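Inspection log for the structure reproduced underneath, given as structure tokens.
The values are calculated or read from the model by the stated rules, or taken from the named source; none is laboratory data. Being a predicted model, the structure only gives us computed values, none of them experimental. Here the Cβ positions follow ideal geometry from the backbone for every residue, glycine too, while neighbour counts run over all protein chains shown. Ligands, DNA and RNA are excluded from the accessible area calculation, which covers all protein heavy atoms including side chains. Shrake-Rupley method; radii C 1.70, N 1.55, O 1.52, S 1.80 Å.
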Amino acid sequence: MNRCLAALICLIVCAGHSIAVEPEGRAAYLMDPYSGRVFLEKDSEEPLPVASISKLMTLVLILEAVDRRELALTDLVTASPHAASKRGSRIWLEAGEQLPLGELIYAIAVGSANDAAVAVAEYMAGSEEKFVGLMNQRAQELGLTASRFVNCTGLPEEGSSPNLMSAKDAARLAQHALQVPLLMDYVSTYEHTMRADSTKIPVLWNANKLLRRYYGVDGMKTGFTTEAGYCMVATAERDNLRLIAVTLGHKSEEERESAARALLDHGFRKYQSLQLYPENTVVSTLDCPLGRPRTVNVILPNDFYITVERGKEVDFVTVIKLDKELQPPILQGQPVGTITVLYQDEILGTNTLTVSENVEKLSFPALVYRLAQALAQAVF
């Protein structure tokens, strides 16, 4: 779930209670990424310039490729003259200089380095233009309908419109980014020294000051250009409740930080995460006519939490959906369905389900024997 420079009062209705809040900036969004619940939004579907928040998509593409083993963190990336010419935030790459991919990812995630972003984009796709094509394709795949990228950095391009995202799209991208292996390791880093074995220049400091100033914040990305203003996507977790806050179009770093704090404060003050079922709880059974065992328990592979309003009793409905088309073999840990908890039409929590043990495919003789047994029981 997701979801001018003048303050706009938004009326948010949650579980029957109305509260008035005033998100600052041009757009805002506050959500629980695990349940998808939207707690607050303002102008959340308007495409806006997002500056270096664009690099969150750049990082997603790079680290998804690493996860697929198409790239390795030890790969040496050579900076082209085009990459080395990039202005704004940078690590002062020289044309022909080589650095490991893992180091350049730190440069992008921590220092928001434009030269590093272009160097990796060229290494991965052959050119920045082709990489931008991958960015727009991935945006479509993720359902980011208000996003359009013209470069991999978020820098203004002469004669071109800026990279655009809505606050809702930025939150949805962050929601996906939480699942990308290694990504949170990079965006949660506050300080990193480049070229540690030689010049030790530069020392990078994350522009997301909430990493040190707000309890629970562990990512994600900030951005600034004159047109975009000061922007931020922040995520924080307290007591098993994770929030994603997006705030766009501020006049200063201080205003941006204050707005992000206000969004997170609102979420943590008003909502809590409660454990509904512990790990390995049996919630259903799966019938496997062609498998051994014939019936297997369906369990939760991890603790299952729901997000509810503090101090409010909620009558909820649990919906379990199993994949009836699954055929053996079925491995323990393999997703076989979902469990969703609903309050009226609102999702309080959702989780995948798996089986308690492996289900083997029956051999042909064993299948014939099982059918004969079933036939005998039906007759007698």
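Decide, for region 126-190, between rounded, prolate and oblate: order the square roots of the alpha carbon gyration tensor eigenvalues as a ≥ b ≥ c, take rounded if a/c falls under 1.5, and otherwise choose prolate if a/b is larger than b/c, else oblate.
Judged from the Cα gyration tensor, region 126-190 comes out prolate (a/c at least 1.5, a/b above b/c).
Over region 119-164, calculate the relative contact order: mean separation of alpha carbon pairs under 8 Å at least 6 apart, over the residue count, as a percent.
On the way: 40 pairs, mean separation 13.5, N = 46.
Dividing the mean separation by the residue count of region 119-164 yields 29 percent.
Given only helices, namely DSSP H runs of n ≥ 4 each adding -39500 (n - 2.57), what is the per-residue ellipticity at 222 nm of the chain, to the nearest 500 deg cm²/dmol? Don't skip to the end; give the middle numbers.
Details: 10 runs with 106 residues, N = 380.
Mean residue ellipticity, 222 nm, calculated: -8500 deg cm²/dmol.
Beyond 26 Å, what share of the Cα-Cα pairs of region 70-206 is found? Please give it as a whole percent.
21
Are any of the pairs Lys168/Lys221; Lys168/Lys312; Lys221/Lys251 more than 19 Å apart by Cα-Cα distance, and if so, which?
Over 19 Å Cα-Cα: Lys168/Lys312.
Give a quick list of GluC sites (Glu not before Pro) in region 79-140 that DSSP marks as loop, anything other than H, G, I, E or B, with at most 13 other Cβ atoms within 10 Å.
When the GluC sites (Glu not before Pro) of region 79-140 are filtered for loop state and at most 13 Cβ neighbours within 10 Å, Glu94 remain.
Cα atoms only: what Rg and Dmax, in Å, come out for region 25-131?
16.1, 48
Counting only the heavy atoms of the protein chains, how much of Ser85 is accessible to a 1.4 Å probe, in Å² to the nearest 10?
Near enough 80 Å² of accessible area.
Just to be sure I understand: if I project the alpha-carbon convex hull of region 179-227 onto a plane and average over all orientations, what area do I get in nm²? All intermediate terms of the calculation are to be shown ahead of the outcome.
Working: hull surface 20.9 nm².
Result: 5.2 nm².
So what J values fall out for region 310-324 if you push phi through Karplus, 6.51 cos²θ - 1.76 cosθ + 1.60 with θ = phi - 60°, rounded to Hz, Gly and Pro as x?
For region 310-324, the Karplus curve yields 4, x, 10, 7, 10, 8, 10, 10, 9, 10, 10, 10, 10, 7, 6 Hz.
Read phi for every residue in region 106-118 and hand back ³J(HN,Hα) as whole Hz from Karplus 6.51 cos²θ - 1.76 cosθ + 1.60, θ = phi - 60°, with x for Gly and Pro.
My calculation for region 106-118 gives 4, 4, 6, 6, 8, x, 6, 6, 6, 5, 5, 4, 5 Hz in order.
Take the alpha carbon gyration tensor of the chain, find the square roots of its eigenvalues, order them as a ≥ b ≥ c, and report rounded if a/c is under 1.5; if not, report prolate when a/b exceeds b/c, else oblate.
On the way: a/c = 2.50, a/b = 1.48, b/c = 1.70.
Oblate.
Give me the percent relative contact order of region 225-302, please, defined on Cα pairs under 8 angstrom at least 6 residues apart. Write out the running numbers ahead of the final one.
Numbers: 101 pairs, mean separation 16.8, N = 78.
For region 225-302, the relative contact order is 22 percent.
How high is the relative contact order of region 137-190? Use alpha-carbon pairs under 8 Å, at least six apart in sequence, and give a whole percent.
29
Classify region 182-279: rounded, prolate or oblate, from the alpha-carbon gyration tensor (a ≥ b ≥ c, eigenvalue square roots; a/c under 1.5 rounded; otherwise prolate if a/b is larger than b/c)?
On the way: a/c = 2.87, a/b = 1.35, b/c = 2.13.
Note, shape of region 182-279 comes out oblate.
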